1. Within the stretch 78-86, is there a residue that is buried (at least 17 other Cβ atoms within 10 Å of the Cβ) and polar (S, T, N, Q)?
2. Only one of L26, L53, L93 is more than 17 Å from D114 (Cα to Cα), outside any loop (DSSP other than H, G, I, E, B), touching a residue at least 24 places away in the same chain (Cβ under 8 Å) and not β-branched (V, I, T); which?
Amino acid sequence: MGPVSLAVAFLSLSATAAAECTREQLKDITSKYIAAQASGQSADVVALSSSSLNYTENEKAVDISKGVLSQALKIDHNITIHDPVECGTFTELIVTDASHPYVIGTRMLVGADDGKISLIESIVTDTGDVSTSRAP
């Protein structure tokens with residue numbers, strides 16, 4: 001790749017980076033997502049979302065008002081990664097309730113132009129989803 005090609009590639013990346021979100025914006029959205037999951041109030045997240053929100057659980061389209069986000073869960077641990085360059089987040093929620101434990105991994109994408117959530121993808125693990133037995 002010659003110097004001109006490298007310059008074009010760099011300018012392409014620079015144009016992409018111009019669509020950045022702020023870390024504060026992403027932190028605000030994820031804190032509201034976590035609070036919505038704790039309260040079971042999916043409407044709070046819908047209010048932050050674009051009208052064309054794509055919401056999936058375990059790679060299947062789900063009505064956000066009927067999915068796991070509509071269930072109040074006692075969250076025992078959470079951690080979030082914020083990516084302001086890609087306008088995205090990843091949040092892991094751990095619920096250790098003996099009657100129904102969960103580990104939920106959620107990726108959200110936010111439109112840099114409007115600040116609205118455009119995509120929420122959750123992988124919701126439940127009792128029995130992963131074997132804890134070890135192979136011989």
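A short reminder: the numbers here are calculations on the coordinates, not readings from a lab. Please read all numbers here as calculations on a predicted model, not as lab measurements. Glycine gets a Cβ as well: all are built from the backbone with ideal geometry, and neighbour counts include every protein chain shown.
1. Step one: list which residues in the stretch 78-86 are buried (at least 17 other Cβ atoms within 10 Å of the Cβ), which gives 78, 80, 82, 84.
Remaining after also requiring polar (S, T, N, Q): 78, 80.
Looking for residues that are buried (at least 17 other Cβ atoms within 10 Å of the Cβ) and polar (S, T, N, Q), one finds at least one in the stretch 78-86, hence yes.
2. Numbers: L26 fails: more than 17 Å from D114 (Cα to Cα); L53 fails: more than 17 Å from D114 (Cα to Cα).
Sole residue among the options that is more than 17 Å from D114 (Cα to Cα), outside any loop (DSSP other than H, G, I, E, B), touching a residue at least 24 places away in the same chain (Cβ under 8 Å) and not β-branched (V, I, T): L93.
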